[in-house]
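Written out below as structure tokens is the structure these notes cover.
The values are calculated or read from the model by the stated rules, or taken from the named source; none is laboratory data. These figures come from a predicted structure and were not determined experimentally. FYI the Cβ positions are ideal-geometry reconstructions off the backbone, even for glycines, and counts take in every protein chain you see.
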Amino acid sequence: MLQDLKEAATLPEKETGRNNSWISQETWRLIDRKASARRSANREQLMPLKVLVRRALKRDRIAGANAAAVEAQAHLEAGDIWKAFGSIKGWYREAGPQPIKPSRKDIEVTQLEQAALHAPRETPHDPIPVHIEPFAVDDGPPTEEEVAEAVRKLKNRKAAGVTGIKAEH
């Protein structure tokens, strides 16, 4: 009974992103070694680890694709086309093509183009003629007569807005 209580009292380990990830534990160890080499500025270890991490990630991607293929094949053999499609669709969503990230040069070119597009420039033609006379606009609070006129123009039997107030109110 004491053993059962000890087992019940121990909390299960919290699953981290590493445990649920498509990346294998061996690849995570390589990534950790690379991070420690980077922190310690050990360039001699960093370059080979970079290559090893890239290869390990490629192996993990291939393993994920193979696992999705095996799962889809099992669903197809069971006659469940939708589940087979779902397993391949889920894998493709994660491993499918991603847009290429722009280089710094591309970003600079885009910024220069945008700046040139929005830069003020002189128009080659005459300015657009304005045929109205400016007049003063009263921006003060509305009078009771203006509010009454606006309420009279509202349509009855319409749904209330966010406030819950209808025109009938």
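The selection criterion, being of a type in the set (Val, Ile, Thr), free of Cβ contacts under 8 Å to residues at least 24 places away in the same chain and either closer than 30 Å to residue 70 by Cα or touching a helix residue (DSSP H, G or I) at 6+ places or on another chain (Cβ under 9 Å) (or both), holds for residue 100. For region 25-62, enumerate the residues that are modelled with pLDDT of 90 or more, under 30 Å from residue 84 (Cβ atoms) and either among the aliphatic types (A, V, I, L, M) or not in a helix (DSSP H, G or I) (or both). Selection gives 56, 57.
Across region 68-79, the number of residues qualifying as surrounded by 13 or more Cβ atoms within 10 Å (Cβ to Cβ) and either over 26 Å from the mean Cα position of the chain (by Cα) or outside any helix (DSSP H, G or I) (or both) comes to 6.
When each of 110, 163, 143 is tested for being surrounded by 10 or more Cβ atoms within 10 Å (Cβ to Cβ), under 45 Å from the mean Cα position of the chain (by Cα) and among the hydroxyl-bearing types (Ser, Thr, Tyr), the lone residue that passes is 110.
Within region 81-104, the only residue that satisfies the criterion of being farther than 26 Å from residue 58 by Cα and either aromatic (Phe, Trp, Tyr) or not in a helix (DSSP H, G or I) (or both) is 82. Taken as a whole, the structure leaves residue 107 outside the set of residues that are of a type in the set (Val, Ile, Thr), within 30 Å of residue 73 (Cβ to Cβ), without any contact (Cβ under 8 Å) to a residue 60 or more places away in the chain and not in a loop (DSSP other than H, G, I, E, B).
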